[in-house]
């Protein structure tokens, strides 16, 4: 299914044929990519547990994002809230509006399921642009503190500044009544 198609940017569902390309491109830029996470997203999408999205820029795979309408993990797990998971844009396609389009589509899908959506963002410098984007889009920290892995990282506990060190942010739908 196509969700957005304009100005060289196409946002559609992730397909099996995308996996090899996105993994190759991520590895080329030094990321620790494996096909497993994309294959899991495809399985979850086929089972109706998520919407897995892929962005193309001028017919080249450029980014991805996933929406879990009733997420079971993280700071808001099992509360019936939608979670945006695993958002990325390949470095060579950044600053072209691709991330914004992916977030627009993901938020539209998420707010169709829940009046609160949330996401976890990594804390190391590799997530700097995502951190800024989320704040500009109105996301705020949930107040539970820093998480490491699948649980709150207790004060003064040992952890590593890796992809498992995250801060959860949320955003509430804005309703206008006349």
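Could you figure out which of (1) without any contact (Cβ under 8 Å) to a residue 60 or more places away in the chain; (2) in contact with a helix residue (DSSP H, G or I) (Cβ under 7 Å, 6 or more places away or on another chain) isn't true of residue 90?
Of everything listed in (1) without any contact (Cβ under 8 Å) to a residue 60 or more places away in the chain; (2) in contact with a helix residue (DSSP H, G or I) (Cβ under 7 Å, 6 or more places away or on another chain), residue 90 misses just condition (1).
Conditions (1) in contact (Cβ under 8 Å) with a residue 40 or more places away in the chain; (2) closer than 22 Å to residue 46 by Cα; (3) under 12 Å from the mean Cα position of the chain (by Cα), marked per residue:
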position: 83; (1), (2), (3): no, yes, yes
position: 105; (1), (2), (3): yes, yes, yes
position: 126; (1), (2), (3): no, no, no
position: 157; (1), (2), (3): no, no, no
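Being farther than 18 Å from residue 11 by Cα, touching a helix residue (DSSP H, G or I) at 6+ places or on another chain (Cβ under 6 Å) and without any contact (Cβ under 8 Å) to a residue 24 or more places away in the chain: is that true of residue 28 here?
no
Report whether or not residue 127 is closer than 18 Å to residue 84 by Cα, at pLDDT 95 or above and surrounded by 13 or more Cβ atoms within 10 Å (Cβ to Cβ). Working first, answer last.
Numbers: closer than 18 Å to residue 84 by Cα: yes; at pLDDT 95 or above: no; surrounded by 13 or more Cβ atoms within 10 Å (Cβ to Cβ): yes.
Against the criterion (closer than 18 Å to residue 84 by Cα, at pLDDT 95 or above and surrounded by 13 or more Cβ atoms within 10 Å (Cβ to Cβ)), residue 127 does not qualify.
Being closer than 17 Å to residue 127 by Cα and in contact with a strand residue (DSSP E or B) (Cβ under 6 Å, 6 or more places away or on another chain) is the filter; apply it to segment 89-114 and report the residue that is surrounded by the most Cβ atoms within 10 Å (Cβ to Cβ).
Applying the filter and picking the extreme gives 102.
Please go through segment 1-55 and give me each residue that is part of a strand (DSSP E or B), surrounded by fewer than 16 Cβ atoms within 10 Å (Cβ to Cβ) and under 16 Å from the mean Cα position of the chain (by Cα), ordered by number.
Within segment 1-55, 13 is the sole residue that qualifies.
The values are calculated or read from the model by the stated rules, or taken from the named source; none is laboratory data. Computed from a prediction, not measured in an experiment: that's the story for all the values here. Quick reminder, even Gly has a Cβ in these numbers, built from the backbone with ideal geometry, and neighbours come from all protein chains shown.
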